[in-house]
């Protein structure tokens, strides 16, 4: 941990960097206040996919169920698995929204291309809002409904301090709108490494089966493979899972090696060069 902090200090200048690691359930974080909040951007995709996994646990939806068979408002012949693995045929061009775009307007019928990997915030937002509807939220209240269901099904059962979470809302909120602390992100990562169980709340947040379903390689993305909110990669022969985020000058990464029961979180308002340096060093540590 001290070496990670030293690397960050040498790189960051006047910027802020929060670092946290999990080793065999033991948590350590950097000297920067554990409650300092950062925009986590697209690392939230792993949290949204955990939310959907709780719905699968409760048999409200299946990973492969075509959502237009469940939801009258849903016009696309796609499943949660296809949306969350970025393999639905939704182009990244649909991410271009304006301030008048509403969550409900995302449900319009759009043209799907041939299914192949295409990184899309639109795709994740549809999954999150569809999940809110399946969980019982009302049409016309999708944004607040998604947030309420996320708190109820994931954030609170994880043991996150929800007073340390705010949301920068727009129509693509489920793809990355959370502002939170290293403390909370370590809480999330610890549950990922503990088979979906929270030692903080003594609750099984998500089943081991559906939690690990999100880790599977489903779509090829260059040299890596995308699961559902997690990217499968290899470094010096070592397999690891990660997801990074980038928004308005904030950068973040979550990473874990389940076989070694360890994970890393970095939140910063600096460039992603810091993330690459810290991730590479952490991967080589053991």
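The values are calculated or read from the model by the stated rules, or taken from the named source; none is laboratory data. This is a predicted model, so every value here is computed, not measured. Cβ coordinates were reconstructed from backbone atoms using ideal geometry, including for glycine residues, and neighbour counts include every protein chain displayed.
Please find, among 146, 119, the residue that is closer than 23 Å to residue 203 by Cβ and either outside any loop (DSSP other than H, G, I, E, B) or within 19 Å of the chain's Cα centre (by Cα) (or both). Going through 146, 119 in turn, just one is closer than 23 Å to residue 203 by Cβ and either outside any loop (DSSP other than H, G, I, E, B) or within 19 Å of the chain's Cα centre (by Cα) (or both): 146.
Yes or no, residue by residue, for (1) closer than 23 Å to residue 80 by Cβ; (2) at pLDDT 90 or above; (3) touching a strand residue (DSSP E or B) at 6+ places or on another chain (Cβ under 8 Å):
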{"position": "242", "(1), (2), (3)": "yes, yes, yes"}
{"position": "245", "(1), (2), (3)": "yes, yes, yes"}
{"position": "254", "(1), (2), (3)": "yes, yes, yes"}
{"position": "262", "(1), (2), (3)": "no, yes, yes"}
{"position": "270", "(1), (2), (3)": "no, no, yes"}
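Examine segment 233-249 for a residue that is free of Cβ contacts under 8 Å to residues at least 12 places away in the same chain and under 17 Å from the mean Cα position of the chain (by Cα), and state whether such a residue exists. Taking every residue of segment 233-249 in turn, at least one turns out to be free of Cβ contacts under 8 Å to residues at least 12 places away in the same chain and under 17 Å from the mean Cα position of the chain (by Cα). Scanning segment 149-172 for residues that are touching a helix residue (DSSP H, G or I) at 6+ places or on another chain (Cβ under 8 Å) and either under 20 Å from residue 69 (Cα atoms) or not in a loop (DSSP other than H, G, I, E, B) (or both) yields 149, 150, 151, 153, 154, 155, 156, 158, 162, 164, 167. Considering only segment 63-112, state which residues are without any contact (Cβ under 8 Å) to a residue 24 or more places away in the chain, out of contact with any helix residue (DSSP H, G or I) (no Cβ under 8 Å at 6 or more places or on another chain) and part of a loop (DSSP other than H, G, I, E, B). Passing the criteria: 72, 96, 98, 100, 111.
Yes or no, residue by residue, for (1) part of a loop (DSSP other than H, G, I, E, B); (2) modelled with pLDDT under 90:
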| position | (1), (2) |
| --- | --- |
| 8 | no, yes |
| 11 | no, yes |
| 15 | yes, yes |
| 44 | no, no |
| 61 | yes, no |
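From the list 224, 163, the lone residue that is under 19 Å from residue 252 (Cα atoms), more than 16 Å from the chain's Cα centre (by Cα) and at pLDDT below 95 is 224. Sort through 55, 126 and tell me the only one that's crowded, with 24+ Cβ neighbours inside 10 Å and modelled with pLDDT of 95 or more. Exactly one of 55, 126 is crowded, with 24+ Cβ neighbours inside 10 Å and modelled with pLDDT of 95 or more, namely 126.
Is there a residue in segment 122-129 that is in contact (Cβ under 8 Å) with a residue 60 or more places away in the chain, touching a helix residue (DSSP H, G or I) at 6+ places or on another chain (Cβ under 9 Å) and assigned to a strand (DSSP E or B)? Within segment 122-129 (the criterion being in contact (Cβ under 8 Å) with a residue 60 or more places away in the chain, touching a helix residue (DSSP H, G or I) at 6+ places or on another chain (Cβ under 9 Å) and assigned to a strand (DSSP E or B)), the answer is no, since none of the residues qualifies. Taking the criterion of being more than 20 Å from the chain's Cα centre (by Cα), at pLDDT 90 or above and either closer than 24 Å to residue 218 by Cα or surrounded by 20 or more Cβ atoms within 10 Å (Cβ to Cβ) (or both), the only residue of segment 89-105 that qualifies is 89. When the residues of segment 250-264 are filtered to those that are within 17 Å of the chain's Cα centre (by Cα) and more than 15 Å from residue 231 (Cα to Cα), the one that is surrounded by the most Cβ atoms within 10 Å (Cβ to Cβ) is 251.
Evaluate segment 206-216: report whether one residue or more is surrounded by 15 or more Cβ atoms within 10 Å (Cβ to Cβ), farther than 18 Å from residue 278 by Cα and either in contact with a strand residue (DSSP E or B) (Cβ under 8 Å, 6 or more places away or on another chain) or free of Cβ contacts under 8 Å to residues at least 24 places away in the same chain (or both). Spell out how you get there, then give the answer.
Filtering segment 206-216 for residues surrounded by 15 or more Cβ atoms within 10 Å (Cβ to Cβ) gives 206-207, 210-215.
So of that shortlist, the ones also farther than 18 Å from residue 278 by Cα come out as 206-207, 210-215.
Within this subset, residues satisfying the condition of being either in contact with a strand residue (DSSP E or B) (Cβ under 8 Å, 6 or more places away or on another chain) or free of Cβ contacts under 8 Å to residues at least 24 places away in the same chain (or both) are 212, 215.
Taking every residue of segment 206-216 in turn, at least one turns out to be surrounded by 15 or more Cβ atoms within 10 Å (Cβ to Cβ), farther than 18 Å from residue 278 by Cα and either in contact with a strand residue (DSSP E or B) (Cβ under 8 Å, 6 or more places away or on another chain) or free of Cβ contacts under 8 Å to residues at least 24 places away in the same chain (or both).
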